[in-house]
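Scroll down for the structure; my scribbles are underneath it.
The values are calculated or read from the model by the stated rules, or taken from the named source; none is laboratory data. Model, not experiment: these values are computed from the prediction. Here the Cβ is made from the backbone with ideal geometry for all residues, glycine too, and neighbour counts use every protein chain on show. What goes into the accessible areas is simple: the full protein's heavy atoms, side chains included, and nothing from ligands, DNA or RNA. Shrake-Rupley method; radii C 1.70, N 1.55, O 1.52, S 1.80 Å.
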Amino acid sequence: MTVKLYDKDAYQRTCEAKVVSCEKINETDYQAVLDQTIFFPEEGGQTPDKGTIGGLEVIDVQIKDEVITHTIKTAGEAPLQAGQTVSCELDWEHRFSNMQQHTGEHIISGIVYKRYGYDNVGFHLSDSIVTMDYNGPISGEDLIAIEEEANRYIFEGRPITTGYPSKEELDALNYRSKKELSGPIRIVQIKDVDICACCAPHVKNTTEVGLLKILDATAYKGGIRISILCGMRALYHYRDCLNRCISISQLTSRPQEEIVAAVEQQKENIGGLQQQIFSLQQCLLKKEAESVDANAENVLLFTENTDTNIIRYQVNEFTAFHPGYCAIFNKNEAGYNFIIGSREKNCNEIGKLLQERLGAKCGGKALMIQGSVTASEEAIKEFF
Ligand SMILES: [Zn+2]
């Protein structure tokens, strides 16, 4: 069993430890077991601590049967010898952030448990996300109230204590637990907010969480998944959001309070302009269509940057008056996209020839095919 120094003191950033074993697992990585450690392993949905052992980077920490294994990145040579004493150092910023996020989860879970009796049935804490799942729904309004209540507890500076109560003490406690537990049970208490069985490092006072922001909530397996950020992560997120607000404010030349209305207005304007462009393209293609010989059996027309729906409509118009192939080729950045229709001929036949001779890509039915080709206008005319 590895002695878990983080269990007694979550604030211990360095330690000396004796190497129990150190084994090579690939070209550069070794797995080391120490007699004691400050590194919290990947456990309970939380990613492991980072830091160094003997000056070398720790890239993973796992626990199995109470033995904690540290994966160390090396230059390829055996870094540690069994029996040797090594210095360990945590990436404290990373660990403290995890302590803040994790404690934030306890505060929210404690409030949710008190309000609704829901259990926290899932928790994920990595460098990019903090989510927790509850087995029941919570309204948007309630989430706002929960967020405010959580921050009030944070500002009040409630003490957080951990310990291993006796069986009698445990029986008298109404504590949250994610699973059936065996052996000594570690209880984490946030005064008058939450009591929970948990093995991870937490801050010692709610004030240290700094700030808690709920970012998102989605329906999940009949319950709800809530995403939060605490401490500096919440600050960085706020800064990013504010910078985006400032940018949109500058782009729209409107004060920040009005950017949503400004974007809505622009969206409406764009919709109107698209409608106008559509009408103009329709007029233009109709004018071009008028130049086609009314007695021609086949029709071949070239156009540019025209909406596919307009082209399809015009091809259908042509097929009513011209019995042969009616084709419109529309120039775009890559070449041409085209629609060919016919009321008497099989369009798949001309499609096959276009594929063979001009390398076109197309498909459809006998009455109409649609496709694209990179050939020149001359080559297409010659083909027809
Ligand atoms: Zn915890």
The whole-number value in µm²/s of the Stokes-Einstein translational diffusion coefficient for the range 161-280, with Rh from the Kirkwood sum over alpha carbon pairs at 4 °C and 1.567 mPa s, is 67
Which of Q62, Q355, Q12 fluctuates most in a GNM of the chain (C-alpha springs under 10 Å)? That residue is Q355
Answer in debye to the nearest 20: the dipole magnitude of the range 103-159 about its Cα centre, from +1 Lys/Arg and -1 Asp/Glu charges placed on Cβ, is 200
Counting only protein heavy atoms with a 1.4 Å probe and every protein chain in place, the carbon and sulfur fraction of the accessible surface of the range 274-383 in whole percent equals 49
Accessible-area order for M232, M99, largest to smallest, probe 1.4 angstrom, reads M232, M99
When the charge dipole of the range 237-297 is computed with +1 on Lys and Arg Cβ and -1 on Asp and Glu Cβ about the Cα centre, the Cα farthest towards its positive end, among T252, H237, C283, belongs to H237
The rounded separation in angstrom of the Cα centers of the range 208-224 and the range 136-151 is 9
Rounded to whole Å², per residue accessible area for the range 188-299 with a 1.4 Å probe reads 64
The range 268-363: spread of alpha-carbon positions along the three principal axes, whole Å, largest first, is 44, 31, 17
Taking only protein heavy atoms and a 1.4 Å probe, the highest-to-lowest accessible-area order of R186, R115 is R115, R186
Expressed in angstrom, Rg and Dmax over the Cα atoms of the chain are 33.7, 101
Set K286/K345; K24/K64; K114/K204; K73/K213; K73/K221, cut-off 28 Å on Cα-Cα distance; pairs above it are K73/K213; K73/K221
Sparse-neighbourhood loop hits (GluC sites (Glu not before Pro), the range 1-101; DSSP loop; Cβ within 10 Å at most 14 others) -> E27, E42, E66, E77
Computed about the Cα centre, the charge dipole of the range 98-219 from +1 Lys/Arg and -1 Asp/Glu charges at the Cβ has a magnitude in debye, to the nearest 20, of 320
Given unit charges at Cβ for Lys, Arg (+) and Asp, Glu (-), the dipole magnitude of the range 207-309 about its Cα centre in debye, nearest 20, is 800
Gyration tensor (Cα only) of the range 1-57 to equivalent ellipsoid, semi-axes in Å sorted down, yields 20, 14, 11
Of every Cα-Cα pair in the range 317-384, the percentage lying beyond 17 Å is 35
